[in-house]
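Right, one structure below, let's go through it.
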Amino acid sequence: MRAIALISMLSAALTSTGCLVAGLRPLYASDQLAQDDRLTGTWEGPEHRATLTIERGEWKAYRVTYRGPELGEETISAVYLTTIGVAAFADVTPAGALQKSELVAPLHAIYRVQISDTTLSVRGLDFDWFSRAAKQGALAKLPYAIDDRQHVILTGAPETTRRWLAAHLADDGIYTAQVMFSKR
């Protein structure tokens with residue numbers, strides 16, 4: 001599976017070939033949100049083909065505008081930063097998705113991030129790892145569903161997902177390859 005989800009990390013659309021791992025519920029409660037001023041600004045992606053413009057958004061969110069060839073146009077997302085143990089995670093949803101309709105439930109893409117003054121490292125949840133683990137029955141403590149497109153949808157309460165991720169912080173296999181962005 002390609003790492004397209006990484007490149008579109010902070011975008012409204014997650015494009016992949018049926019290789020999606022996402023949460024049905026947010027990864028955070030309102031008191032678990034974090035802010036990091038280093039995150040705001042413009043970031044260039046791999047080979048400078050993509051840019052992320054990150055600014056403070058409504059409430060405790062970041063407003064992220066993605067521009068690049070992977071999606072073919074500009075997309076805007078709401079990103080919520082949270083920490084689990086010593087690790088930072090980004091919960092990404094399409095901007096305004098919660099206000100669009102009562103019948104639309106946005107998925108929450110989950111990314112592990114590392115932020116410095118000049119670099120942003122992004123790693124998504126690895127579809128192949130989660131798919132194998134689901135088939136082997138290894139996700140007993142992490143509620144999930146597999147939809148008709150074979151996406152792995154995490155269905156547990158935020159605290160359940162957070163506990164599971166906390167127990168797997170050192171498990172490098174659950175994440176996709178790292179994509180680095182450099183601050184302009």
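With the convex hull of the Cα atoms taken as the outline of the range 4-183, the averaged projected area works out to 9.9 nm². Rounded to the nearest whole Hz, the Karplus-based 3J(HN,Hα) values (6.51 cos²θ - 1.76 cosθ + 1.60, θ = phi - 60°) of the range 31-42 follow the sequence 7, 9, 7, 10, 10, 9, 4, 5, 6, 6, x, 10, with x at glycine and proline.
Sorting 79-89, 20-30, 130-140, 161-171 by average packing, meaning the other beta carbons within 10 Å per residue, from highest down gives 20-30, 79-89, 161-171, 130-140.
Note on Ser30 and Lys141: the model spin-label points, each 7 Å out from Cα along the C-beta direction, lie 3.0 nm apart. Between His151, Ala140, Val79, the Cα set farthest toward the positive side of the dipole of the range 4-183 (charges on each charged residue's Cβ, about the Cα centre) is that of Ala140.
Under 13 Å from the Cβ of Gly156, count the other residues' Cβ atoms, weight Lys and Arg +1, Asp and Glu -1, and hand me the total. Residues close to Gly156 contribute a combined charge of +3.
Note that the range 85-96 has calculated 3J(HN,Hα) couplings of x, 8, 9, 9, 10, 10, 9, 10, 9, x, 4, x Hz, one per residue in order, obtained from phi through the Karplus relation 6.51 cos²θ - 1.76 cosθ + 1.60 (θ = phi - 60°); glycine and proline are x.
A short reminder: the numbers here are calculations on the coordinates, not readings from a lab. This is a predicted model, so every value here is computed, not measured. Don't worry about glycine lacking a Cβ; one is built from the backbone with ideal geometry, like all the others, and counts go over all protein chains shown.
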